[in-house]
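I have placed the structure first, in the form of C-alpha cells, so that the comments after it can refer back to it.
The values are calculated or read from the model by the stated rules, or taken from the named source; none is laboratory data. These figures come from a predicted structure and were not determined experimentally. Reconstructed Cβ throughout: ideal geometry from the backbone, glycine too, with neighbour counts over all protein chains shown.
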Amino acid sequence: MTGTAFIHRFEPAGDAGSPPLLLLHGTGGDENDLLGLGKMISSGSALLSPRGRVLEHGMPRFFRRLAEGVFDEEDVRRRAHELGDFVAEARQRYGLAAPVAVGFSNGANIAAALLLLQPDVLAGAILLRAMVPLSDPPKADLGKKPILLLSGQADPIVPASNSARLAALLSDAGARVDHKVLPVGHQLSQADVTLSRNWISKADAKAA
Ligand code: MLT
C-alpha cells in the first residue's frame, strides 16, 4: 500500500457530529499549514492533514506541474489515486466518516481531481482558488455532494473563465456547487473563513 506513506497530522474530533476535514495545503505548505484554518471553519471536526509528496524546488505539492497552471496530468491522476488510498486507510485507522476536503490552491486542485476520479472518497469539498485539474476528466457521478468553490476576482493564477468551467464541470457531474467570486487575489481572506464556516454548518444541517 502506498497511501500510508503520506506524512500527516491527525487531530481527533471534539464533536462526533462534525464532519472530518481533509486539509490540503498549497504549494510550499505542509501538514501544519491548514490546521488553524480547519479549526476556524469547524471547531469540532477531526482534522486529517497530509503533506504533498511531490517536491518542486524543495516545496511540497500534491502533483507535478510543467509550468504555473500547466499540469502533468498523468501525475495528477496517479497522485489523486494515492491520496484516495491514503484517505481510505486513514478512515480505517482513525475510525472516520468520509471527510470533507478543505483545499487551498494546489490542495484545492488535487481535491477537485479526487472528486472527479474517485467520487466516493469525499463527502464534499471546500475548494479555495481551485482550477480545472484535468483537461479530459472521466464522467463522474457526484450524487448531490455539496461543494463550495471560492474564487478570487483578481487571482493572477486562476482566470475567471477557468473557475467558472470547474464549477460547471462539477455541477454537470451532479454536485450541488455554490460558487462565489470574492474581491480578492489568490491569497486567502477573512471572507473565505466566514463563508466556509457558514457553509459547512449548513451543509452539516442538511446531512443530519
Ligand atoms: C497548481 O499548480 O496547482 C496551481 O498553479 C496553484 C499553485 O500551486 O500555485
- [ ] Inspect all residues belonging to segment 18-29 and state whether any of them is part of a loop (DSSP other than H, G, I, E, B), more than 23 Å from Leu166 (Cα to Cα), within 16 Å of the ligand (Cβ to nearest atom) and without any contact (Cβ under 8 Å) to a residue 12 or more places away in the chain.
- [x] no
Task: Residue match in segment 186-198 (condition: more than 25 Å from Glu56 (Cα to Cα), part of a loop (DSSP other than H, G, I, E, B) and of a type in the set (Lys, Arg)) - done: no
- [ ] Confirm whether Gly185 is surrounded by fewer than 21 Cβ atoms within 10 Å (Cβ to Cβ), at pLDDT 95 or above and under 26 Å from Ala16 (Cβ atoms).
- [x] no
TODO: Look at segment 140-157 and say how many of its residues are hydroxyl-bearing (Ser, Thr, Tyr) and away from the ligand (no atom under 15 Å from the Cβ).
DONE: 0
Task: Residue satisfying condition, being under 30 Å from Pro156 (Cα atoms) and either of a type in the set (D, E, K, R) or outside any loop (DSSP other than H, G, I, E, B) (or both), within set Ala88, Ala101 - done: Ala101
- [ ] Among the residues of segment 52-74, count how many are more than 17 Å from the chain's Cα centre (by Cα) and assigned to a strand (DSSP E or B).
- [x] 7
- [ ] Quick one: in segment 66-87, of everything that is buried (at least 18 other Cβ atoms within 10 Å of the Cβ) and within 10 Å of the ligand (Cβ to nearest atom), which residue is farthest from Glu31 (Cα to Cα)?
- [x] Phe71
Task: Meets criteria (more than 16 Å from the ligand (Cβ to nearest atom) and closer than 21 Å to His81 by Cβ) for Pro12 - done: no
Open item on the list: So the check is Cβ under 6 Å with 6+ separation or different chains; which pairs have a first residue in segment 171-184 that's over 12 Å from Arg129 (Cβ atoms) and a second one that's buried (at least 16 other Cβ atoms within 10 Å of the Cβ) and of a type outside the set (A, V, I, L, M)?
Closed with: Ala175/Lys145; Arg176/Pro146
Open item on the list: Looking only at segment 113-127, count every residue that is within 9 Å of Gly84 (Cβ to Cβ) and outside any loop (DSSP other than H, G, I, E, B) and tell me the total.
Closed with: 2
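Rundown of residues vs (1) within 15 Å of the ligand (Cβ to nearest atom); (2) exposed (fewer than 15 other Cβ atoms within 10 Å of the Cβ), yes/no style:
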residue: Ile110; (1), (2): yes, no
residue: Ile126; (1), (2): no, no
residue: Pro138; (1), (2): no, yes
residue: Pro159; (1), (2): yes, yes
residue: Arg176; (1), (2): no, no
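Condition check ((1) surrounded by fewer than 24 Cβ atoms within 10 Å (Cβ to Cβ); (2) of a type in the set (Gly, Ala, Ser); (3) at pLDDT below 95; (4) within 27 Å of Arg91 (Cβ to Cβ)) across all residues:
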{"residue": "Arg129", "(1), (2), (3), (4)": "no, no, no, yes"}
{"residue": "Lys145", "(1), (2), (3), (4)": "yes, no, no, yes"}
{"residue": "Ser151", "(1), (2), (3), (4)": "no, yes, no, no"}
{"residue": "Ala191", "(1), (2), (3), (4)": "yes, yes, no, no"}
Task: The listed residue being farther than 20 Å from Ser163 by Cβ and in contact with a Pro (Cβ under 8 Å, 6 or more places away or on another chain), out of Ala88, Ala97 - done: Ala97
